[in-house]
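A.B. asks: What follows is a structure written as structure tokens; I'll ask about it next.
Please treat every number below as a calculation from the coordinates, not as lab data. Only a predicted model underlies this, so the values are computations on that prediction, with no experimental measurement involved. Cβ sites come from the backbone with ideal geometry, for glycine too, and all protein chains shown count toward neighbours.
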């Protein structure tokens, strides 16, 4: 739980009291998942969000031709889920899948709502996370339209070097919106 506490305090820019953290911790449960386990599934209502303690995961959607398109990567200290479904209570549009054997803290929708309604610091924490995710998504959308693949890869290397080391190349290529062969050529230029 110390990883989550550090994440919360870093995000909100202040310390939590032991009581606040203890109360929030009671809303979560820990669970282990094997590699390739679906945490959220397209077409199903997503009931949980996951904080990775160990391992990695990604979210993606599948197009009409059956091709996967990576949307988000998560390593330790990241949250992952299908937030569209989780918040709207509609059927999911994304899959979230573990890439490695993983251990997560799990939060269901009812406990999320209760935590946010009763703990102002936790409400602030999730507001900041969601705000940052929205800003990041907008930035990524514009960069995908305005920057070439090499620039997008260089930026990913700079901002998330651990992704380059731990995420399979074909998924990195999907995330960047390029073919794996193009990513291979770019990686040879920027070892």
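A.B. asks: Given 37 °C and 0.692 mPa s, compute D for segment 79-174 with the Stokes-Einstein relation, Rh being the Kirkwood radius over Cα pairs; round to the nearest whole µm²/s.
C.D. replies: 205
A.B. asks: Let me ask something else about it. Quick one: 15, 81, fewest Cβ neighbours within 10 Å first, how do they rank?
C.D. replies: By the 10 Å Cβ count, ascending, the order reads 15, 81.
A.B. asks: Same structure, new question: Per residue of the chain, what 222 nm ellipticity follows from adding -39500 (n - 2.57) for every DSSP H run with n ≥ 4, rounded to the nearest 500?
C.D. replies: Working: 9 runs with 97 residues, N = 191.
When only DSSP H runs of four or more count, the value is -15500 deg cm²/dmol.
A.B. asks: Please report, in whole Å³, the volume per residue of the convex hull around the C-alpha atoms of segment 51-117.
C.D. replies: Taking the convex hull of the Cα positions in segment 51-117, it is 87 Å³ per residue.
A.B. asks: Using 7 Å Cα-to-Cβ label points, what is the residue 151/residue 3 separation (nm, one decimal)?
C.D. replies: For the pair residue 151/residue 3, the computed spacing is 3.5 nm.
A.B. asks: Hey, what did segment 2-145 get for relative contact order, percent, Cα under 8 Å, at least 6 apart? Numbers along the way, then the final one.
C.D. replies: On the way: 266 pairs, mean separation 44.0, N = 144.
Relative contact order, segment 2-145: 31 percent.
A.B. asks: Work out Dmax and Rg for segment 2-145 from the C-alpha atoms and quote the Rg first, both in angstrom.
C.D. replies: Rg, Dmax (Cα atoms, Å): 15.3, 50.
A.B. asks: Could I ask something else about it? Between segment 144-191 and segment 77-138, what is the separation of their alpha carbon centroids in Å?
C.D. replies: One Cα centre to the other: 26 Å.
A.B. asks: Dividing the alpha-carbon Rg of segment 147-191 by 2.2 N^0.38 Å yields what? Intermediate values should be presented prior to the final figure.
C.D. replies: Details: Rg = 9.1 Å, N = 45, 2.2 N^0.38 = 9.3 Å.
Normalised Cα radius of gyration, segment 147-191: 0.98.
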